[in-house]
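Input: a single structure, listed below in structure tokens.
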Amino acid sequence: MYEYEEVMSRYRKKLFLDTPLKSGEDTTYLDLLEKQDAITRDEQVIK
């Protein structure tokens with residue numbers, strides 16, 4: 001299998017936001033998304 005085929009085959013898999021990043025972990029893909037109303041680190045440091 002060529003390298004590009006391997007990369008493209010990974011994009012064919014379905015990804016659900018509530019899927020754990022790794023087997024046995026509690027962190028999900030949804031946890032990684034940025035919250036629009038969250039205070040940024042820069043804003044937290046300034047306060």
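The values are calculated or read from the model by the stated rules, or taken from the named source; none is laboratory data. Keep in mind the model is a prediction, meaning the values are calculated, not measured. Counting neighbours? That spans all protein chains shown, and the Cβs are built from the backbone with ideal geometry, glycine included.
Could you tell me which residue of region 28-46 is modelled with the lowest pLDDT, considering only residues that are assigned to a loop (DSSP other than H, G, I, E, B) and among the aliphatic types (A, V, I, L, M)? So the residue we want is Ala38.
Selection of region 1-27 for residues being surrounded by fewer than 10 Cβ atoms within 10 Å (Cβ to Cβ), modelled with pLDDT of 70 or more and in a loop (DSSP other than H, G, I, E, B) yields Tyr2, Lys14, Leu15, Phe16, Asp18, Lys22, Ser23, Gly24, Glu25, Asp26.
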